[in-house]
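The values are calculated or read from the model by the stated rules, or taken from the named source; none is laboratory data. These numbers were taken from a predicted model, which means no experiment stands behind them. So basically every Cβ, Gly included, is an ideal-geometry build from the backbone, and we count neighbours across all protein chains shown. What goes into the accessible areas is simple: the full protein's heavy atoms, side chains included, and nothing from ligands, DNA or RNA. Shrake-Rupley method; radii C 1.70, N 1.55, O 1.52, S 1.80 Å.
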Amino acid sequence: MGKYFDMLAEDVRLHEGLKACMNCGVCTAVCPAAEFYNYDPRQIVAIVQTRDDEEIERLLKGEAIWYCGECMSCRPRCPRGNTPGYVIQALRTLSQKLGFFVESEKGRQQLALKRLIGDNILATGYCLTPRNILPELHPEQGAVWEWIYENDEDVYGRFSDVYRREGAGALRRIDDASMREIHRIFEVSGGNDFFDTIEQHSDRKAREMGYDGATEEYMMQTYTYNSENHY
Amino acid sequence: MRRTSWQEYQKDIASDKYYYARSCIRQNFFPGSERAFLNILGRDLGIDIFDDPLHTSCTGIGYHSDVVPLETIMTVVARQFSLMAEAGYENFISSCITSFGIYNEVLATWKEFPETEERTRKYLKEATGRDLVKPRSIAHTSDIIFHHREAIARKAKHRLVNSHTGEPLRVVEHIGCHYAKIFPKSGIGGSEFPYVLAGMIETWGGDVVDYPERRHCCGFGFRNYLVQANRGSSVANSHKKLESMAPYKPDFIVANCPGCAMFLDKWQYAIAEMEGMTYGADGRGIPVLTYEEMAGLVLGYDPWELGMQMHQVDVEPLLDKLGVEYSPEAKYLGANGKYIGKPADVAVNCFDRRRIYEIKR
C-alpha cells in the first residue's frame, strides 16, 4: 500500500499540487478538458490521495490522465490551494517511467509527441519550426499556412534577415556551440534517458500490437487514431 | 460600477534594459510582431533591449506535452538566465506566455524546493560550464507594452476608434491561461481581472468587451492540439469562446499569447470550412491580432510590415474601420518585393458566398 504514491511523492509537483483535497469539484467545473472528455480531475485527485496502489496503477495505465490540456485553469480556483494539473504532470511522468503509458490509446501518443516536439528540440533548438508544420498533417492551418509553407524563404525573409541562418532575429539557425550545450543538458539532466524510455516501451508495445517495432507507421497510428471512446 | 480589482494585482516592471527571449510559436506565426516589438522599444521609445542570438527554446511545449522532464527544462531555463547575466542584463522578458509561465514556475520551484536549484546549478555547470545567475525581474513582453502604453499613446497615429462613426472599437481580449492562472500575482490584474491588454485597449481609445467565456482556454491544451487525433478538443474550446463572444459583435480579438492568437484565427477557418459558420460581420471572421500588431497599428506601422498577411482571417475590414491606409498590392510580396502568389480564397474571408452554401449542403 502506497508504493506508487511514494514514487509520485518524489516529484515536487505532487507536493505543490496536492495538500488535502476536499472533493468540492471546482476544478472539474472549470476544466476545459472535462467539458469535452469523460474526464473528472476531482476524481483523479481523490484516487491519488487514497494512496491505493491498485487504483493508482489503474490510473497510470488508463486513458483519463492523458485528457488534461495543462491549461492550469484549476490552479487559481481551488479553495484548498491544490493544483490538479500538477498532479496530472506527476502521474504522466511516472506512467512513462514505468512504461505504463503504452497501455492506453492516449498514452501511446507520447511517442508522437517525443518525435514531433522532443526530437525537433534536439535537431533545431526549437519546439517547432515552419518546416515541420506540414500542411498535410495540419489541414486546420488553412490556405494561408500552405502559402507560407510553400514560400517560406520569401515570407519570413520579409521579417528576418537570418531565417535559417546564424545571427540575431526570428527563426535564426542556432549555432553549433549552443546546440552542443542543449544536447549536454539533455544528457546530464535525464532528458535523453526519458526520451529513450518512451522509445523503448513504445517499441515493445508496437511489437505486441503486430508492428515491426516503433516504426514510422506505428508512430503515425498513435498520432492519428481515435477510437471515439473518450466522451 | 467599474471594476478596479485589477489594481490589487500589480507587479514591478522594469522601465529599461531588457533581455529579450523569443518565442517558438510567435516567430513561426507572427515574426512581424517580434520585429515590431523590438522596433517599438528600441527605435520609437529609445529603450535598451538586447536580442541575443545564443538563447534557445525554453522547451516549454515539450514540457507541457510531458516529454521534457522538469529537471531538463529547469537546466535549459538556467542557461537562458546565465546568458542574460553574461550579456550584462538583469530584466528578462519573454515573448511567449508558455515560456513566461515556465520561467515563473521554475523560479518558484527553486524557492520552494531549494534542492532543485542546487541540482540545476550542478547540471548547468556540468553541461555548459556556466553559473546560474537569477534575473532581477521577469516580465512578459505585453507587460512591457502595458508599462509604456502612455508613451505609445503620445506617439499614436491612430486610435482604436471607428474612423467613420467616431465610436470606440469593441475589442475582445484574451490573456492566455499561463499568463496568470499559474501565478496570479505575476500577471497584471491576476487571473480574474486581467488588465494587461485591457489597459492598452482603454489607453488607446477602444472599449473592452466583457463576455461570459472571457477566462476560458483558447483550446490549445498542448497534446490536445499537437496530436492530430485530439484536435476535436482544441477546436471545441475555441468554438465555445467564439460562440460566447459573437453576440457582443467585437471588431477584433487581441491575444496575449502567440498560440492563442494563432488558434483563435485558424479555428475560425476550420469551423467555417466544417460548419459554414463565421463569427464576424458580413459573414466574415473576426480578425485576431497580437498586441504588438495592435500597438503597431496605433503607431502607424504598415500592416504588411507587421506581418498581418500571415493571418488566416483577413484584417482589411478592421484596417478600413481604423482608417489605416494600406496597399492591397503589397500584401503578398516576398522579401525582395516580388509578388509570390497568394493563398486560396476561403470561406472565413467570405469572398464567395456560394462556397458557404456548398459546405452547408
Select, from A:122, A:171, the only residue that is more than 7 Å from chain B (Cβ to nearest Cβ) and in contact (Cβ under 8 Å) with a residue 12 or more places away in the chain.
A:122
Within the range A:36-57, is even one residue open to solvent by 20 Å² or more (accessible area, probe 1.4 Å), in a helix (DSSP H, G or I) and under 11 Å from residue A:90 (Cα atoms)?
no
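Would the range A:11-32 turn up any residue that is open to solvent by 70 Å² or more (accessible area, probe 1.4 Å) and within 20 Å of residue A:231 (Cβ to Cβ)?
Looking through the range A:11-32, at least one residue is open to solvent by 70 Å² or more (accessible area, probe 1.4 Å) and within 20 Å of residue A:231 (Cβ to Cβ).
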Just checking, does the range B:79-96 include any residue being open to solvent by less than 20 Å² (accessible area, probe 1.4 Å), within 11 Å of chain A (Cβ to nearest Cβ) and either under 25 Å from residue B:289 (Cα atoms) or among the acidic types (Asp, Glu) (or both)?
yes
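A quick yes/no check of all residues on (1) open to solvent by 10 Å² or more (accessible area, probe 1.4 Å); (2) within 28 Å of residue A:117 (Cα to Cα):
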{"site": "B:228", "(1), (2)": "yes, yes"}
{"site": "B:239", "(1), (2)": "yes, yes"}
{"site": "B:247", "(1), (2)": "yes, no"}
{"site": "B:253", "(1), (2)": "no, no"}
{"site": "B:266", "(1), (2)": "no, yes"}
{"site": "B:275", "(1), (2)": "yes, no"}
{"site": "B:279", "(1), (2)": "yes, no"}
Selected residue (criterion: surrounded by the most Cβ atoms within 10 Å (Cβ to Cβ)) from residues of the range A:200-219 that are touching a helix residue (DSSP H, G or I) at 6+ places or on another chain (Cβ under 8 Å) and outside any loop (DSSP other than H, G, I, E, B):
A:202
Suppose we filter the range A:142-168 for residues that are within 30 Å of residue A:111 (Cα to Cα) and within 8 Å of chain B (Cβ to nearest Cβ); how many remain?
7
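Looking at B:191, B:142, B:186, B:163, can you tell me which residue is without any contact (Cβ under 8 Å) to a residue 40 or more places away in the chain and in contact with a helix residue (DSSP H, G or I) (Cβ under 7 Å, 6 or more places away or on another chain)?
Only one candidate passes the filter, namely B:191.
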Report yes if some residue within the range A:156-173 is of a type in the set (Val, Ile, Thr) and touching a helix residue (DSSP H, G or I) at 6+ places or on another chain (Cβ under 8 Å); otherwise report no.
no
How do the pairs read when you match residues in the range B:298-316 that are more than 9 Å from chain A (Cβ to nearest Cβ) with residues anywhere that are among the aromatic types (Phe, Trp, Tyr) and open to solvent by 10 Å² or more (accessible area, probe 1.4 Å), using Cβ under 6 Å and keeping only pairs 6 or more apart or on different chains?
B:303/B:326
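Each row is one residue, and each column tells you yes or no for (1) of a type in the set (A, V, I, L, M); (2) surrounded by fewer than 13 Cβ atoms within 10 Å (Cβ to Cβ); (3) modelled with pLDDT of 95 or more; (4) under 18 Å from the mean Cα position of the chain (by Cα).
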residue	(1), (2), (3), (4)
A:188	yes, no, yes, no
A:198	yes, no, yes, yes
A:221	no, no, yes, yes
A:229	no, yes, yes, no
Just to be sure before I move on: is residue B:320 more than 14 Å from every other protein chain (Cβ to nearest Cβ) and either over 18 Å from the mean Cα position of the chain (by Cα) or modelled with pLDDT under 95 (or both) in the structure I sent?
yes
Kindly state which helices (runs of 4 or more DSSP H) lie completely within the range B:168-278 and contain at least 2 residues that are out of contact with any Gly (no Cβ under 9 Å at 6 or more places or on another chain) and of a type outside the set (Lys, Arg).
B:196-203, B:231-245, B:258-275
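Go through the range B:41-88 and give me each residue that's among the charged types (D, E, K, R) and assigned to a loop (DSSP other than H, G, I, E, B). Give the steps one after another, and end with the answer.
Of the range B:41-88, the ones among the charged types (D, E, K, R) are B:43-44, B:48, B:51-52, B:66, B:71, B:79, B:86.
Selection gives B:48, B:52, B:66.
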The lone exception for residue A:184 - which of (1) open to solvent by 40 Å² or more (accessible area, probe 1.4 Å); (2) touching a residue at least 60 places away in the same chain (Cβ under 8 Å); (3) facing chain B (nearest Cβ under 7 Å); (4) not aliphatic (A, V, I, L, M) it fails
(2)
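Quick check on residue B:102: is it crowded, with 17+ Cβ neighbours inside 10 Å and within 30 Å of residue B:299 (Cα to Cα)?
Working: crowded, with 17+ Cβ neighbours inside 10 Å: yes; within 30 Å of residue B:299 (Cα to Cα): no.
Here the answer is no, as residue B:102 does not meet what is asked.
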Suppose we filter the range A:96-115 for residues that are without any contact (Cβ under 8 Å) to a residue 60 or more places away in the chain and within 12 Å of the chain's Cα centre (by Cα); how many remain?
2
